[in-house]
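Undergrad: My questions all concern the structure below.
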Amino acid sequence: MTTTGASMPWRRACEGSALLRFLDWNLRGIGQVLFQDNALSGLLFLVAIGWGAVALGVPEVAVGGLLAVLVATLTARWLRVDAAGLAAGLYGYNAFLLGIALPTFLAASPLLWVFVVLGALVSVIATRALAEALKPLGIPVLTAPFVLVTLMLLLASNAFSGVDAAALPDVGFMAPIPPEAADPLRPLAFLEGVAHSLSQVFVKGYVPSGLLILAGLAVGSRRAAGLALAGALIALLVAHLMGAESQLVTAGLVGFNPLLTAVALGAVFQRPGVRTAIYALLATVLTVLAQGAMVALITPFGVPTLTASFVLVTWLFLLARLDSSTRSGPAS
Amino acid sequence: MTTTGASMPWRRACEGSALLRFLDWNLRGIGQVLFQDNALSGLLFLVAIGWGAVALGVPEVAVGGLLAVLVATLTARWLRVDAAGLAAGLYGYNAFLLGIALPTFLAASPLLWVFVVLGALVSVIATRALAEALKPLGIPVLTAPFVLVTLMLLLASNAFSGVDAAALPDVGFMAPIPPEAADPLRPLAFLEGVAHSLSQVFVKGYVPSGLLILAGLAVGSRRAAGLALAGALIALLVAHLMGAESQLVTAGLVGFNPLLTAVALGAVFQRPGVRTAIYALLATVLTVLAQGAMVALITPFGVPTLTASFVLVTWLFLLARLDSSTRSGPAS
Amino acid sequence: MTTTGASMPWRRACEGSALLRFLDWNLRGIGQVLFQDNALSGLLFLVAIGWGAVALGVPEVAVGGLLAVLVATLTARWLRVDAAGLAAGLYGYNAFLLGIALPTFLAASPLLWVFVVLGALVSVIATRALAEALKPLGIPVLTAPFVLVTLMLLLASNAFSGVDAAALPDVGFMAPIPPEAADPLRPLAFLEGVAHSLSQVFVKGYVPSGLLILAGLAVGSRRAAGLALAGALIALLVAHLMGAESQLVTAGLVGFNPLLTAVALGAVFQRPGVRTAIYALLATVLTVLAQGAMVALITPFGVPTLTASFVLVTWLFLLARLDSSTRSGPAS
């Protein structure tokens with residue numbers, strides 16, 4: 001959320017046209033999924049999602065994301081949010097993710113689209129509410145509004161026959177994975193897992209999308225792109241060495257949360273340096289474990305964990321304030 | 001919690017008698033279940049509960065509520081709470097609800113009554129603790145102390161053979177409701193659902209109680225009564241259109257949380273106006289969905305959700321501060 | 001966390017030697033499990049754990065505790081925490097408990113030891129993060145970092161075949177205990193339960209360890225030792241009268257959380273007095289019930305509740321601020 005990149009002509013064009021400005025806000029909203037206050041990054045992410053959605057035969061996913069970010073931007077205006085946050089896309093990225101996630105897990109129906117619009121509206125209110133609640137602690141909302149509002153709607157889908165929770169995980173008790181599920185991973189599957197991890201940040205696994213997302217990220221910040229790649233590589237390696245389920249590794253489901261943690265702590269919310277790098281590395285590894293814990297916690301409810309582990313670990317490490325001069329000891 | 005209604009003679013009588021004053025505090029405590037700092041509202045609510053309890057053959061429910069509010073008021077005095085809050089009944093309403101809820105779900109036994117007394121004591125401590133915790137955020141405790149302490153005691157009942165959790169929901173995994181459970185609702189069942197929703201605010205469904213509660217609410221604030229009615233109507237209509245289980249709609253179990261949200265956001269904690277009305281409407285609809293999500297979350301534990309969805313949605317919408325001049329953007 | 005006891009010769013020796021000073025920090029870290037900023041208390045606790053571990057045939061448990069506290073102290077130095085907290089052992093006790101708990105529930109394997117080291121590292125970060133988050137509320141972190149990090153790693157163990165969750169509780173739905181499980185408790189079993197409760201504070205039940213822990217506590221604070229004993233006695237009596245499972249009472253699993261609550265509220269964080277005693281007594285009894293509720297909440301996930309009920313009840317009662325002059329009413 002530190003970059004402000006935009007070419008001069010685009011900036012000037014936006015100043016002259018309310019429509020282009022509105023478009024700019026929405027593209028930056030998409031860019032902020034990976035912390036980029038950058039319209040071109042957002043555009044590339046959007047193309048990546050659209051391409052993946054069409055290739056995987058689920059165009060409604062891209063439509064949902066686009067619809068949701070537009071609704072969120074309009075809602076933020078109606079709520080008269082702070083102008084800087086609106087222009088930086090800070091009220092859009094949670095809705096964009098929600099708009100992709102809902103059609104991924106719920107079958108298409110009129111009520112699904114009501115959920116997408118309502119969820120987008122509420123994601124803005126949740127962003128403001130969480131920002132207020134976290135202000136005394138000095139930590140950002142990250143994707144917590146996306147996680148909370150999406151999980152609420154997915155859980156609620158059980159109670160209403162107007163939506164069909166067709167693609168939600170089965171409910172059940174967590175069981176340890178069988179050792180044979182952690183088979184020797186082929187190098188190609190490993191690389192596929194890295195690309196899928198980048199793509200899974202946007203809820204879908206598709207290799208070309210992952211590569212395009214990496215390109216979009218590099219447009220906004222090369223450092224962020226490098227950290228995303230390194231974060232995914234480290235996470236997959238660590239997970240594999242600990243005996244994670246190979247299928248999850250390859251599908252990118254093990255890597256997308258640690259990747260986000262690596263970018264957030266290594267490039268966005270802390271000053272670079274050796275201590276920061278060690279700290280971000282520890283957080284990245286911890287996110288692999290936290291993700292395993294979240295799956296165990298959520299299995300009886302039959303919903304996905306989304307980016308909950310990234311949010312919780314990043315909050316923890318930001319709260320602990322590495323090298324802050326204002327830190328103090330435990331109350332006693 | 002804004003009304004201070006009381007006839008002059010009653011006010012003067014209370015000033016002259018410690019006993020009447022104590023009675024007044026307790027009645028206002030009952031009135032605060034629906035945000036009324038009004039002894040007559042409290043009295044009408046109490047009569048409504050007593051009538052319903054006798055009619056449904058569960059007089060212990062009314063005894064429990066009365067006992068709990070008395071214990072809570074005495075506890076608040078012992079704890080030397082703020083005089084204004086005590087006199088306004090702010091330390092009583094959570095205990096009153098707890099005193100109704102425990103005998104509803106647990107079979108009568110000596111230990112049940114120990115639970116009621118202990119729960120009432122702890123509800124006051126929980127009220128103070130939550131008020132301290134929420135002070136930096138500027139939001140009220142609502143019925144969170146009732147929800148937390150009651151759920152704790154209901155969950156604990158599994159561990160002690162001195163109480164029998166006779167009427168708790170079965171534990172199990174949540175499953176989507178079958179479409180045929182959302183049958184075409186007859187208009188009469190719909191109206192019954194509205195009256196039951198009013199009554200279920202006090203944990204029981206009984207039409208005459210619901211009407212008397214509406215009257216008691218109107219005594220304190222006509223605006224609040226109108227919003228309660230509108231909130232219940234909207235919630236039931238929305239739930240029905242989304243395909244909610246008809247039996248739950250008719251029993252008032254779908255309507256009581258949204259109704260509380262509508263009153264809280266429309267009449268109690270925000271200034272009236274068009275924007276407020278739209279905002280409260282959105283929150284009311286969201287409470288219907290949040291209630292569905294809460295049921296899915298709590299099903300594996302075999303306890304009811306009480307007013308949790310009202311509390312969470314109202315906190316969210318109050319935290320987001322519609323039209324506050326002190327608002328600021330997400331930390332970044 | 002108020003005592004600063006240490007004999008003069010030891011103090012002087014520590015001043016002259018960095019190694020002794022480092023040893024002193026670690027011993028105080030162990031002492032802080034029962035709130036004692038006292039190296040001799042810590043040494044006695046360590047001997048008690050070592051003795052119990054060898055007697056029960058699980059020496060890896062003592063090794064884990066020792067390793068974890070050393071790692072945590074080094075981590076705290078690297079993080080440049082406040083010197084006073086470090087010297088008082090406030091960054092060590094959560095790691096010590098984690099280092100005992102992990103080998104108790106997970107089978108020995110290389111990855112287990114990675115978990116111990118990583119968990120110890122993260123426990124320090126969690127201590128700092130929680131201290132920051134709780135600072136505005138003026139309450140201490142207690143053993144929350146231990147509970148959170150240990151539960152995260154135990155839950156995560158399901159996802160990685162490199163660790164074997166050999167000794168975790170079965171997953172399943174909570175069911176009321178059968179009445180015959182609450183049989184008449186023999187006085188000897190009751191006394192055994194008290195000693196086991198003291199020992200279970202450090203995750204293991206062994207009578208001689210319990211007695212040595214009591215001695216170590218008395219070295220630091222006689223008042224704390226008296227309250228621990230009284231807390232355990234009251235908790236076991238109350239639990240038994242309510243019909244708790246006799247086997248759990250005898251094993252000390254019912255008593256260790258209330259015992260901690262009694263010491264925390266009666267001797268450590270509040271000034272002594274009649275009102276404080278009544279308040280601490282109420283909290284101690286409530287912890288028995290909260291522990292029952294925590295077990296019901298955690299059963300579907302197949303992990304232990306550790307000291308969660310002590311932490312939650314003590315936070316609640318500290319937040320409510322008995323006799324504070326800065327208290328105020330519920331926001332309304």
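Undergrad: Hey, what's the Cα Rg ratio for chain B versus the globular rule of thumb, 2.2 N^0.38 Å? Walk me through the intermediate numbers first.
TA: Values: Rg = 19.2 Å, N = 332, 2.2 N^0.38 = 20.0 Å.
For chain B, the normalised Cα radius of gyration comes out at 0.96.
Undergrad: Okay, moving on. If you put a point 7 Å past Cα along the Cβ direction, how far is that point for C:L237 from the same point in each other copy, in nm, smallest first?
TA: Relative to the other copies, C:L237 has label-point distances of 6.1, 6.1 nm.
Undergrad: In addition: Note the distances from A:G16 to each other copy's matching label point, with points 7 Å along the Cα-to-beta-carbon direction, in nm, sorted shortest first.
TA: Ordered by distance, the counterparts are at 8.3, 8.3 nm.
Undergrad: Another question, if that's okay. Mind checking which helices in chain B clear 15 Å along their axis (Cα) and have mean Kyte-Doolittle hydropathy of 1.6 or more, DSSP H runs only?
TA: Working: long enough: B:18-31 (20 Å, 0.47); B:39-55 (24 Å, 2.07); B:59-78 (29 Å, 1.33); B:93-105 (19 Å, 1.35); B:110-134 (35 Å, 1.91); B:144-156 (18 Å, 2.57); B:187-200 (19 Å, 0.59); B:207-220 (20 Å, 2.01); B:222-241 (28 Å, 1.55); B:274-298 (35 Å, 1.83); B:308-319 (16 Å, 2.38).
Qualifying helices: B:39-55, B:110-134, B:144-156, B:207-220, B:274-298, B:308-319.
Undergrad: Compute a Gaussian network model of chain C, connecting alpha carbons closer than 10 Å, and tell me which residue from C:A189, C:A262, C:A72 fluctuates the most.
TA: C:A189
Undergrad: Okay, next question. Compute the Rg to Rh ratio over the stretch A:170-321 from the alpha carbon atoms, using the Kirkwood formula for Rh, and round to two decimal places. Mind showing how you got there, number by number?
TA: Numbers: Rg = 14.9 Å, Rh = 15.4 Å.
Answer for the stretch A:170-321: 0.97.
Undergrad: Continuing with this model, one more query. Run the quick spin-label model on B:R11 and A:R223: label points 7 Å from Cα toward the beta carbon, then report their separation in nm to one decimal.
TA: Placing both labels 7 Å along Cα→Cβ, they lie 6.4 nm apart.
Undergrad: Which is farthest toward the positive dipole end of chain B among B:A290, B:L44, B:N257, measuring Cα position about the Cα centre, with Cβ charges +1 (Lys, Arg) and -1 (Asp, Glu)?
TA: The residue sitting most towards the positive pole is B:L44.
Undergrad: Dipole size in debye (nearest 20) for the stretch A:147-294 around its Cα centre, Lys and Arg Cβ +1, Asp and Glu Cβ -1? Walk me through the numbers before you get to the answer.
TA: Numbers: 6 positive and 6 negative charges, 157 e Å.
About 760 debye.
Undergrad: Assigning unit charges at the beta carbon (Lys, Arg +1; Asp, Glu -1) and nothing else, what dipole magnitude in debye, to the nearest 20, does the protein assembly as shown show about its Cα centre? Working shown, then result.
TA: Details: 48 positive and 39 negative charges, 663 e Å.
In debye, rounded to 20, the protein assembly as shown gives about 3180.
Undergrad: Can you tell me the mean projection area, over all orientations, of the convex hull of the stretch A:46-125's alpha carbons? Units nm², please.
TA: Values: hull surface 19.9 nm².
Computed as one quarter of the Cα hull surface, the answer is 5.0 nm².
Undergrad: Here is a further query. Considering the dipole of the stretch A:83-229 built from charges on the beta carbon (Lys and Arg +1, Asp and Glu -1) around the Cα centre, which of A:L155, A:V201, A:L142 is farthest to its positive end?
TA: Final value for the positive-end residue is A:L142.
Undergrad: Which residue, A:V171, A:V295, A:V254, has the most motion in a Gaussian network model of chain A that connects Cα atoms within less than 10 Å?
TA: Comparing A:V171, A:V295, A:V254 in the GNM, the peak value goes to A:V171.
Undergrad: Given the DSSP H assignment, sum -39500 (n - 2.57) over each helix run of at least 4 residues in chain A and divide by its residue total; what's the result at 222 nm in deg cm²/dmol, nearest 500?
TA: Values: 15 runs with 214 residues, N = 332.
Rounded to the nearest 500, it is -21000 deg cm²/dmol.
Undergrad: How large, in percent, is the carbon and sulfur part of the accessible surface of the stretch B:43-142 at a probe radius of 1.4 Å? Kindly include the intermediate steps, with their values, before the conclusion.
TA: Values: 2300 of 3000 Å².
Summing carbon and sulfur atoms, their accessible area is 77 percent of the total for the stretch B:43-142.
Undergrad: For the stretch C:65-160, which trypsin sites (Lys or Arg not before Pro) are both in a DSSP coil and crowded by at most 16 other Cβ atoms within 10 Å?
TA: On the way: sites: C:R77, C:R80, C:R128; in loops: C:R80.
Answer by residue number: C:R80.
Undergrad: Please work out the Cα center distance from the stretch B:248-270 to the stretch C:139-166, rounded to the nearest Å.
TA: 39
Undergrad: Just want to confirm a number: the relative contact order over the stretch A:1-84, from Cα pairs under 8 angstrom separated by 6+ residues, in percent.
TA: On the way: 70 pairs, mean separation 19.3, N = 84.
That works out to 23 percent.
Undergrad: Within 10 Å of each Cβ in peptide C:166-176, how many partner chain Cβ atoms are there on average? Round it to a whole number, please.
TA: Numbers: counts 1, 0, 1, 0, 1, 7, 2, 9, 8, 4, 11.
Counting other chains' Cβ atoms within 10 Å and averaging over C:166-176 gives 4.
Undergrad: With the label 7 angstrom out along Cα to Cβ, how close does A:A108 come to the same site in each of the other copies, in nm, nearest first?
TA: 5.9, 5.9
Undergrad: Report, ordered by chain and residue number, the aspartates and glutamates lying within cross-link reach of A:K135, taken as a straight Cα distance under 13 Å and ignoring same-chain residues fewer than 8 apart.
TA: Qualifying aspartates and glutamates at Cα under 13 Å: C:E132.
Undergrad: Could you check which residue among A:S199, A:S157, A:S221 shows the biggest mean-square fluctuation in a GNM of chain A with a 10 Å Cα cutoff?
TA: Comparing A:S199, A:S157, A:S221 in the GNM, the peak value goes to A:S157.
Undergrad: Can you pull the mean other chain C-beta count within 10 Å for peptide B:246-252?
TA: 0
Undergrad: To the nearest 20 debye, what is the magnitude of the charge dipole of the stretch A:13-168 about its Cα centre, counting +1 on the Cβ of each Lys and Arg and -1 on the Cβ of each Asp and Glu? Intermediate values should be presented prior to the final figure.
TA: On the way: 6 positive and 7 negative charges, 45 e Å.
Roughly 220 debye, rounded to the nearest 20.
The values are calculated or read from the model by the stated rules, or taken from the named source; none is laboratory data. Quick caveat: nothing in here was measured; it's all calculated off a predicted structure. Positions of Cβ are generated from backbone atoms using ideal geometry, with glycine treated the same way; all protein chains shown enter the neighbour counts. Remember, those area values only see protein heavy atoms, side chains included, never the ligands or the DNA or RNA. Shrake-Rupley method; radii C 1.70, N 1.55, O 1.52, S 1.80 Å.
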